[in-house]
Each structure stands twice: as structure tokens, then as C-alpha cells.
């Protein structure tokens, strides 16, 4: 295989001129550039990108950890990350983990071995005790409140927005309020649970374990939520729901069971995805594309860790 010296000799130029052409340097005459390109075609020359990345100290690859690829929440985050990656000439390496720690560790090890320049973690299961061991190898950016750690983060205040939504339901006359989550663990889930317990204490309301629904994420999970509701002697009159997709599933199955919304059951969800508008769903708008954009910019910045809180807006429609 021809090397850069062979190209220079065939083109009748110096090695430095060939290098400038390869790196798209502007100060090369048109004649010399064409001669170099013609020599490259004759030799079927291909650049060794591993060598290029080694010389620049960058791969121009950013790793992105997501638990699932088929959920709109993470799809919108990826959209924001990917749009900004294109603008900055980076490519993405997507790690779908299904919340398996081993898969998250594979991504962290790629950061350690410099196969990627930075790692964006949209949702994690690995503990901070492990994550801290990899911070020295490159930028790690999280989609959660990580202000107490030496990493960058873009996040929403899940505690406050959950508390605000609960108080909104309280102001609309609801005293029996339940909620759904996907995971019992995780920073965001913990913040929401704390907000719920503080809300109950502030208003002197009893804690009802049966009002909490876990492992709820997709449309089909709405069936099991409604089935459980119908078995309760004293069911909640309102629910704070994980996301719009799940809320749409609950609303659909409620219709089949003769449960009217909001008369029998009020619903507030999260995200404000297109389906929320179609179903006239009251929801907390999370600007996920904007969050993705900021996650990417934090991943490529050279300055120390930074943190940005994204504001959430209540969109009032017809389900409360």
C-alpha cells in the first residue's frame, strides 16, 4: 500500500504539501492539489484514520449510553445530541444497555482506552463508586443532577417539578393521589419519591403503598395500571404518570373500563410529546431536544465540569 512519501513523489511535490492537502489546508495551489489528488487516485490511497486520530489526540467519536432505543423520551434526547454532533463534525457510538451494568462498563472502558473522546450517560444503573474510577479518562456528562460530582450535567429538578404537579392536583381538589415510575432506584426516581412523601407530610395525608406503580414505561403498561386500579377498594382520584406514552395507554384502557377522565381519574404526565397534544393530556413539558444539545456541548467543551438546570413548564389541557 502506498504511503505519503509515494504520493509526494508521484505528484512531484513535497511530503508537507501532501499533508496539507490531506488536512484541507487552504494555502495549497490548485495545480499542486490536483496533482496530489490524482496521485492518490492512481495508488488507491486511503488515509489511516487511526493514525490521524492518534496524531490529533481525538477520535471525534462521542459515546452515548441509553437504556432503550425504542422509547420516544430517549429518541428525542438522541435527536438533540445527534443534531449538534453533525454541526461539530462528530459521530456517535450508541450503547443500548437495558440498564445492565456490564454494558455500561463496556462504554466506560472504551472511554478509558481512548476509543471515544467523551461519554454521555442519559440514564444509568452503575453506582457512583464505579463511575468515579473513570472520570480521569475523559469527559463524562450525565442527564441528572450531578452538581456534587466532578462531571458535567444537564438536568431538571425532578423534586420540585413533581412537588409542583402534586400541589396542582391538590389545588384542584384531589387528596388521593398516586404516581407511577419505571425504576425504584435511580437519582430521578429517588427525587420524585422524596417529593411525594414531603407533599403528603405537608398536607397531613396518609401514605398508601397501593397508590404507587413501578415498572411502568410504555403504552402497554397502561393496562396493568388500570387493572390494579380496578381492584382497589379506595383507588386514587389522580395519578402523576411517568411519561405521555404510558398516560396514553392508561387513558385508552380507562375508556374500555368505563373510567372517565378527569371525572373519575385525573392524570398529569411528563414530556409533552406529540401524543399528549392529540389526547389533550395535561403534562409537564421537558425540552428533551434542547437537553440533548446541551449534553453534547458539555461533552466536547475543554473547560472544567459545568451544570445546567433545564426549566419545566406545566401544559394545562383536559385531563385534570
Extended-chain gain in nm, criterion 0.36 nm per residue less alpha-carbon gap, residue 136 and residue 197 = 18.2 nm
If you line up the long axis of helix 101-112 against the longest principal axis of the chain, both from Cα atoms, how many degrees apart are they, to the nearest 10?
-> 30 degrees
Under a 10 Å cutoff between Cα atoms, tell me which one of 153, 180, 14 has the largest fluctuation in the Gaussian network model of the chain.
-> 14
Would you list the P(r) distribution for the chain, with all Cα-Cα distances sorted into 20 Å bins from 0 and each bin expressed as a whole %?
-> 28, 43, 20, 9, 0
For the range 4-47 (alpha-carbon point model, no solvent) the Debye-based log₁₀ I(q)/I(0) at q = 0.21, 0.30 Å⁻¹ works out to -0.54, -1.14
Name the most mobile residue of 125, 16, 152, meaning the one with the largest mean-square fluctuation, in a Gaussian network model of the chain with Cα contacts below 10 Å.
-> 16
Run a plain Debye calculation on the range 221-320 (Cα atoms as equal point scatterers, no solvent) and give log10 I(q)/I(0) at q = 0.13 Å⁻¹, rounded to two decimals, same order as the q list.
-> -0.53
Efficiency by 1/(1 + (r/R0)^6): what FRET value for residue 318 and residue 233, r their Cβ-Cβ distance, R0 = 35 Å, to the nearest 0.05?
-> 0.80
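Take the Cα pairs of the range 158-285, get the Kirkwood Rh, then feed it into Stokes-Einstein at 10 °C and 1.306 mPa s and tell me D in µm²/s. Please list the in-between numbers first.
On the way: Rh = 14.4 Å.
Calculated translational D: 110 µm²/s.
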Mind checking the angle between helix 158-171 and the chain's longest principal axis? C-alpha axes, 0 to 90 degrees, to the nearest 10.
-> 30 degrees
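Would you mind getting me the FRET efficiency between residue 46 and residue 252? Use the beta-carbon distance for r and R0 = 41 Å, nearest 0.05. Walk me through the numbers on the way to the answer.
Details: r = 54 Å, r/R0 = 1.31.
Using R0 = 41 Å, I get an efficiency of 0.15.
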Separation in nanometres of the label points that stand 7 Å from Cα toward Cβ, at residue 215 and residue 109 = 3.0 nm
Estimated distance in nm for a label pair at residue 70 and residue 101, the labels positioned 7 Å out from Cα along Cα-to-Cβ | 2.7 nm
On a 0 to 90 degree scale, rounded to 10, what angle separates helix 187-203 from the longest Cα axis of the chain?
-> 30 degrees
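Given 0.36 nm per residue, what is the gain on full extension from residue 263 to residue 91 after removing their alpha carbon distance, in nm?
Numbers: separation 172, 0.36 × 172 = 61.92 nm, distance 4.90 nm.
Contour length minus the Cα-Cα distance gives 57.0 nm.
Just need the Rg to Rh number for the range 199-250, please, alpha carbons only, Kirkwood Rh.
Numbers: Rg = 11.9 Å, Rh = 11.9 Å.
Rg/Rh: 1.00.
Laboratory data are not the source of any read-out in this text; all were calculated from the coordinates shown. Bear in mind that the values here come from a model prediction, so they are computed numbers and not experimental data. Every residue, glycine as well, gets a Cβ built from its backbone with ideal geometry; the counts of neighbours run over all protein chains shown.
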